[in-house]
Amino acid sequence: MNKKNLFIVNGYELDNEQKNVVKDNSQNLLVIASAGSGKSLTIVGKIKYLIETHNIKQSEILCISFTNDSCRSLENSIFRNGYEVKVLTFHKLALNILKLHKISFSIASEDLLEYITDEYFETIILNEPYYMYITLKLLKIRHKINDISKYYNKNKSSKELKSLKKQITKFIHLYKSNAYKNYYLEKIYYKEKNKILNKKTHLFILLCIKILVEYNKELNSQNKVDFDDMISMSTNILKTSTKKLNFKYIFIDEFQDTSKLRFNLIKEIINKTNAKLIAVGDDYQSIYRFSGCDLSLFINFNKTIKKSKTLKIQTTYRNSKELSLVSTDFVKKNPMQIKKQIMSSKKCYKPIKIIYYENQHKTFIQLLKYLYKSNEHKILILGRNNNEIYKVINQDFEIKKNGEITYEKIPELKIRYLTVHKSKGLEEETVIVLSLENNNWSFPNKTQDLKIFNHVLSKQEKYPYAEERRLFYVALTRTKNKVYLLTNKNNPSIFVKEILKESKKLIEIRDLQN
């Protein structure tokens, strides 16, 4: 293979920054890849380079991504270049390690914790007056000591109890995903109990401990493990294992979304193999703190990992120069974000269009008609949650499970709806962002988790709405052309007001009536 062909991936020649990543031979490398900068192409290019110039065997490369869809996409891209390197999720990696060590088990259903939590509050708790008392206390329901069961049964179908159950399962998931020691929950319990201004948070912890015990009992009785247990078990096994692993290079895609539990597994593999680590991601797109991801692993990579180096790929092939200026200036106001100089050769006159509405459904229909006439037929609609789309569609629309939408009055439009979280890694010609209002649930979401969650979440950034800012950045950067922001005319999102104030020359306010 000639030298020039080494840097051609899927028909594209890598740019200079991408080539620098491909040729770098550092022991540990952090690649900061801006939105639309060809992150996957760079990973595939480096795999190709290692195989062709360093004689690395395909089996000596461990490649990890976070979802089954992203694994399939990256694996297919590698395959198109003639190589068969498997791309694994962390859970699949853990499963393979346990199988290698002949550990037999079955995997619990993903909703088992939620089922056990429901079961506990529905039946088990009825024989435990103290825990009924705790529950009523947390729900702020006054009751008579002698009638605890009566008051509990009266409220066990309440919205407040449903909310409490969600908080408990979320807390336990976060606790498990951060690889805390067994005594950690007890430590939090006593810490909260001894506070002078007691806000009953120690009672919440006590309920979490109780349900975690019930959950573990159920796992043991079924001889099952959950996904977090799989990763913990495989990490612990590697500490004493004599089995040989032959990995020489480890790639982690979307590294900004890594949790401590997952990274502990990688560290054990590196300890056994001395494999070189290539971590690829973008701190501007870190939007999963609520599910246990720890951005500090990315931000502090060079401080915490010895023999490490950082390279950046900063040319976006998705977004125009104008859109990149607005979105980058917006997100990097948070001083914790790593500074980048994002470049683009694409130009688009005022790529951000603000569409004010008083009646959002009516304005949405007008926008679809306008896009059809403007020959913008491929549309990705983004919302804050799964139900946001129902604010703008009616019986003329059909929405499928995969998010595809048909509009019978303009069937030529190819429309898909996703939450902003699920859209990360995707792109479309035209993007519409719904319901941009100044309330608790839009951008930024102003609802706050209980302070107790700070015990099981990565350290919160001091900059206001730090993760919300990154989420809005993700929404803006999904477009290859223009993004339309449907904004409440009388109560606009503070994020919309900010970008309009800071980048007015690059943003258009469009009136669809004219």
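Return the Rg/Rh ratio of the stretch 72-200 with Cα-based radii and a Kirkwood Rh. Intermediate values should be presented prior to the final figure.
Values: Rg = 21.9 Å, Rh = 18.8 Å.
Over the Cα atoms of the stretch 72-200, Rg/Rh equals 1.16.
Sort out for me the Cα centre separation of the stretch 288-366 from the stretch 438-514, rounded to whole Å.
Taking the Cα centre of each part, the stretch 288-366 and the stretch 438-514 sit 12 Å apart.
Order these peptides, 133-141, 389-397, by their mean beta-carbon neighbour count within 10 angstrom, highest first.
Numbers: 133-141: 16.7, 389-397: 15.0.
Going by the mean number of other Cβ atoms within 10 Å, highest first, we get 133-141, 389-397.
What is the Cα radius of gyration of the stretch 356-509 over 2.2 N^0.38 Å, N being its residue count? Please list the in-between numbers first.
Working: Rg = 16.2 Å, N = 154, 2.2 N^0.38 = 14.9 Å.
With N residues counted in the stretch 356-509, Rg over 2.2 N^0.38 Å equals 1.09.
What does a probe at TRP441 reach in the stretch 387-404, counting residues whose amide N is under 12 Å from the point 7 Å along Cα→Cβ?
387-391
Taking the convex hull of the alpha carbon atoms in the stretch 298-372, what volume per residue do you get, in Å³? List each step's numbers first, then the result.
Numbers: hull volume 11.2 nm³, N = 75.
Enclosed volume per residue, from the Cα hull, is 149 Å³.
Calculate, in nm to one decimal, what LYS497 and LYS409 gain on full extension: separation in residues at 0.36 nm each, minus their alpha carbon distance.
Details: separation 88, 0.36 × 88 = 31.68 nm, distance 3.33 nm.
Length difference between fully extended and current span is 28.3 nm.
According to the Kirkwood expression over distinct Cα-Cα pairs, how big is the hydrodynamic radius of the stretch 338-404, in Å?
Details: mean 1/r = 0.0675 Å⁻¹.
The answer is 14.8 Å.
Please list the non-local residues whose amide H lies under 5 Å from the amide H of LYS312, H modeled 1.01 Å from N, same-chain partners needing a gap of 5 or more.
Amide H neighbours of LYS312: ILE32.
Which net charge results for the neighbourhood of LYS193, defined as the other residues with beta-carbon distances under 14 angstrom from its beta-carbon, given Lys and Arg at +1 and Asp and Glu at -1? Kindly include the intermediate steps, with their values, before the conclusion.
Details: positive: LYS137, LYS187, LYS191, LYS195, LYS199, LYS200; negative: GLU186, GLU192.
Computed value for this residue: +4.
Roughly what would the spin-label model give for LYS307 and LYS191, points 7 Å off Cα along C-beta, in nm?
3.5 nm
Could you work out the mean projected area of the convex hull around the alpha carbons of the stretch 266-400, in square nanometres to one decimal? Provide the component values of the computation, followed by the final result.
Numbers: hull surface 50.6 nm².
Projected over every direction and averaged, the Cα hull of the stretch 266-400 covers 12.7 nm².
Averaged per residue, what accessible area in Å² does the stretch 243-359 show with a 1.4 Å probe, protein chains only? Mind dumping the intermediate values first?
Details: 5000 Å² over 117 residues.
Computed with neighbouring chains in place, this is 43 Å² per residue.
LEU29's amide H: which non-local residues (gap 5+, or another chain) put their own amide H closer than 5 Å, with H modeled 1.01 Å from N in plane and none for Pro or chain starts?
Excluding prolines and chain starts, which carry no amide H, the hits are LEU277, ILE278, ALA279, LYS309.
Just to be sure I understand the rule: take each whole DSSP H helix in the chain, project its Cα atoms onto its long axis, keep it if the span is 30 Å or more and its mean Kyte-Doolittle hydropathy is at least -0.5. Which ones pass? Write out the running numbers ahead of the final one.
Details: long enough: 201-222 (32 Å, 0.49).
Helices meeting the criterion: 201-222.
Give, in whole angstrom and from largest to smallest, the semi-axes √(5λ) of the equivalent ellipsoid of the stretch 269-326, with λ running over the eigenvalues of the Cα gyration tensor. Write out the running numbers ahead of the final one.
Numbers: eigenvalues 152, 53, 21 Å².
Three semi-axes, in Å: 28, 16, 10.
Mind checking the alpha-carbon convex hull of the stretch 146-302 and giving the volume per residue in Å³?
181 Å³
Between ASP396 and ASN375, what is the label-to-label distance in nm when each label sits 7 Å out along the Cα-to-Cβ direction?
A separation of 2.4 nm, rounded to one decimal place.
Once label points are set 7 Å from the Cα along Cα→Cβ at both LEU426 and ASN96, what is their separation, rounded to one decimal in nm?
Rounded to a tenth, the inter-label distance reads 2.8 nm.
Which percent, to the nearest 5, of DSSP beta bridges fully inside the chain are antiparallel?
Working: 8 of 57 bridges.
Counting only bridges with both partners in the chain, antiparallel ones make up about 15 percent.
Roughly how many percent of the accessible protein surface of the chain is carbon and sulfur, given a 1.4 Å probe and a whole-percent answer? Could the numbers behind the result be given before it?
Details: 12490 of 25910 Å².
For the chain, the apolar C and S fraction of the accessible surface comes to 48 percent.
Translational D (Stokes-Einstein, µm²/s) of the stretch 1-156 at 10 °C and 1.306 mPa s when Rh comes from the Kirkwood sum over C-alpha pairs? It would help to have the intermediate numbers written out before the result.
On the way: Rh = 20.4 Å.
Stokes-Einstein gives a translational diffusion coefficient of 78 µm²/s.
Given that compact globular proteins tend to follow 2.2 N^0.38 Å, what is the ratio of the alpha-carbon Rg of the stretch 230-327 to that value? Provide the component values of the computation, followed by the final result.
On the way: Rg = 16.1 Å, N = 98, 2.2 N^0.38 = 12.6 Å.
Working it through for the stretch 230-327, the quotient is 1.28.
Please list, ordered by chain and number, the residues whose modelled amide H lies under 5 Å from the amide H of ILE509; skip anything fewer than 5 residues away on the same chain.
ILE354
Can you give me the orientation-averaged projected area of the convex hull built on the Cα atoms of the chain, in nm²?
Details: hull surface 110.8 nm².
So the Cα hull casts an average projection of 27.7 nm².
The values are calculated or read from the model by the stated rules, or taken from the named source; none is laboratory data. Everything numeric in this text was worked out from a predicted model, so none of it was measured. We place every Cβ from the backbone using ideal geometry, glycine too, and count neighbours over all the protein chains shown. Accessible surface is based on the protein model in full, side chains and every heavy atom, while ligands, DNA and RNA are left aside. Shrake-Rupley method; radii C 1.70, N 1.55, O 1.52, S 1.80 Å.
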